[in-house]
1. May I ask you to say which residue of B:57, B:25 is buried (at least 17 other Cβ atoms within 10 Å of the Cβ), modelled with pLDDT of 90 or more and within 30 Å of residue A:95 (Cβ to Cβ)?
2. Could you list, in sequence order, all residues of region B:127-148 that are closer than 30 Å to residue B:166 by Cβ and within 14 Å of chain A (Cβ to nearest Cβ)?
3. Does region A:200-226 hold any residues that are within 15 Å of residue A:139 (Cα to Cα) and either in contact with a strand residue (DSSP E or B) (Cβ under 8 Å, 6 or more places away or on another chain) or not in a helix (DSSP H, G or I) (or both), and which are they?
4. In the set A:31, A:96, A:39, which member is at pLDDT 95 or above, within 11 Å of chain B (Cβ to nearest Cβ) and surrounded by fewer than 23 Cβ atoms within 10 Å (Cβ to Cβ)?
5. Being within 18 Å of residue A:86 (Cβ to Cβ) and in contact with a helix residue (DSSP H, G or I) (Cβ under 8 Å, 6 or more places away or on another chain): is that true of residue A:39 here?
6. Answer yes if at least one residue in region B:211-234 is at negative phi, in contact with a strand residue (DSSP E or B) (Cβ under 9 Å, 6 or more places away or on another chain), part of a helix (DSSP H, G or I) and surrounded by 14 or more Cβ atoms within 10 Å (Cβ to Cβ), and no otherwise.
7. Out of B:152, B:187, report the one residue that is within 14 Å of chain A (Cβ to nearest Cβ), more than 17 Å from the chain's Cα centre (by Cα) and in contact (Cβ under 8 Å) with a residue 12 or more places away in the chain.
8. Working only within region B:190-210, note down all residues that are facing chain A (nearest Cβ under 9 Å) and part of a loop (DSSP other than H, G, I, E, B).
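The values are calculated or read from the model by the stated rules, or taken from the named source; none is laboratory data. Treat the numbers as computed from the prediction; the structure is a model and nothing was measured. As a convention, Cβ positions derive from the backbone with ideal geometry for all residues, glycine included, and neighbour counts pool all protein chains shown.
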């Protein structure tokens with residue numbers, strides 16, 4: 001094992017910058033964030049890096065390590081034996097300084113999503129197997145690595161057309177909740193831009209919480225959008241049902257189905 | 001709205017992993033491309049796929065025969081599995097990566113040509129995957145009928161290598177078809193609450209959805225395995241028809 005690692009860290013901001021090389025003594029079990037802290041303590045006290053828990057729970061230390069979006073606190077340096085370790089900020093978001101990216105756009109998107117709207121007042125009686133599905137989505141730590149890797153946002157700058165995988169997960173969390181009564185399907189199709197996702201599953205690959213973002217959130221939501229807007233037979237029966245209800249003069253209740 | 005950043009010098013680095021990022025899409029190009037070329041050869045240069053009691057999956061069911069057509073017989077059938085696989089959520093990942101470079105690999109910059117053609121999202125035709133699923137199930141029923149037929153020889157029940165190949169093919173296609181995301185939605189995924197109408201008990205719909213969700217995790221593996229099994233089954237029967245090989249009867 002080499003007794004030191006060579007780090008090449010991006011130094012700069014949104015307008016200009018370059019990678020600078022630092023050497024860090026190797027310690028068994030060391031993660032990238034440890035090495036960045038070493039650099040900050042010994043070589044570059046002005047190095048900008050965002051971090052909090054150092055335990056893969058807060059989602060703060062997202063960066064791109066040798067080109068791949070990862071949490072610095074969860075990436076072991078011994079995975080990069082014999083390589084120069086390039087550390088860069090998330091590419092999809094504007095850079096504040098060095099490794100710190102401005103992720104505020106995500107919080108603006110979050111505000112647009114209709115919050116959990118229970119049909120009954122709490123406390124709720126639910127079966128565990130009914131909520132297992134949405135509990136997977138609760139594991140999200142909002143590191144925004146999925147947003148960073150999503151080519152729709154990263155390569156096509158389509159922030160005005162697609163909320164991104166993180167917010168598909170959030171919408172799935174509410175939409176599939178057993179006692180939620182709001183209807184987010186129109187928003188998914190229109191403003192949320194779920195059709196922009198072409199299911200290449202990079203978001204799932206980079207998720208440090210191992211949430212099956214595409215298989216369990218995006219695709220089931222796409223199927224709900226297809227149920228509503230792209231399935232002529234279901235559309236026909238829905239219309240037929242609606243007509244029957246109108247004939248029997250019953251009041252129409254907005255429904256998620 | 002935030003603007004996507006295009007920060008400074010030396011970016012982006014091509015991501016490194018256990019395997020280079022290009023290995024998977026190149027495999028897809030070779031395997032899928034090879035299968036498509038083989039299929040074109042099979043569909044446009046052959047009019048029958050039957051060898052004694054074996055029927056190639058390319059030619060089953062014999063729709064052309066039902067209407068009295070005897071040329072391009074496979075063409076009347078293969079559009080169904082093609083449509084099913086083309087609109088499949090797993091294959092979308094593969095072909096968007098390998099053939100349209102949207103993206104070629106995770107965190108890999110797309111080619112400049114992609115920038116001149118604005119990305120508008122996935123093709124809407126893919127939303128009809130559920131209909132392709134129903135058609136694929138009909139074809140699958142015929143393939144199982146062919147499996148039964150493949151074990152019945154002129155002198156009664158028997159097992160040949162061809163019988164086993166067709167059996168494995170039908171099993172893999174069944175796994176692929178019933179681990180489908182659209183089927184998962186139809187069988188219960190569209191519900192928010194399984195127990196609400198069953199007084200807190202697990203419904204059949206929930207149990208089916210749960211089982212299919214377990215199989216769905218391996219949908220990609222089912223997809224590739226069944227693609228290769230169709231290829232092998234057809235090639236085996238084609239070689240039998242051409243007289244290149246002889247079927248081995250096990251008993």
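1. Details: B:57 fails: within 30 Å of residue A:95 (Cβ to Cβ).
Just one listed residue meets the conditions, B:25.
2. Start the filter on region B:127-148 by keeping residues that are closer than 30 Å to residue B:166 by Cβ, which leaves B:128-148.
Within region B:127-148, B:128, B:129, B:130, B:131, B:132, B:133, B:134, B:135 meet the criteria.
3. Within region A:200-226, A:206, A:207, A:208, A:209, A:210, A:211, A:212 meet the criteria.
4. Details: A:31 fails: within 11 Å of chain B (Cβ to nearest Cβ); A:39 fails: within 11 Å of chain B (Cβ to nearest Cβ).
None of the other options fit; the residue is A:96.
5. Numbers: within 18 Å of residue A:86 (Cβ to Cβ): yes; in contact with a helix residue (DSSP H, G or I) (Cβ under 8 Å, 6 or more places away or on another chain): no.
It is false that residue A:39 is within 18 Å of residue A:86 (Cβ to Cβ) and in contact with a helix residue (DSSP H, G or I) (Cβ under 8 Å, 6 or more places away or on another chain).
6. Residues of region B:211-234 that are at negative phi, as a first pass: B:211-234.
Remaining after also requiring in contact with a strand residue (DSSP E or B) (Cβ under 9 Å, 6 or more places away or on another chain): B:233.
Adding the requirement that they be part of a helix (DSSP H, G or I) leaves B:233.
Going one step further and asking which of them are surrounded by 14 or more Cβ atoms within 10 Å (Cβ to Cβ), we end up with B:233.
Looking through region B:211-234, at least one residue is at negative phi, in contact with a strand residue (DSSP E or B) (Cβ under 9 Å, 6 or more places away or on another chain), part of a helix (DSSP H, G or I) and surrounded by 14 or more Cβ atoms within 10 Å (Cβ to Cβ).
7. On the way: B:152 fails: within 14 Å of chain A (Cβ to nearest Cβ).
Sole residue among the options that is within 14 Å of chain A (Cβ to nearest Cβ), more than 17 Å from the chain's Cα centre (by Cα) and in contact (Cβ under 8 Å) with a residue 12 or more places away in the chain: B:187.
8. Residues satisfying the conditions are B:190, B:191, B:192, B:193, B:194, B:195, B:196, B:200, B:201, B:202.
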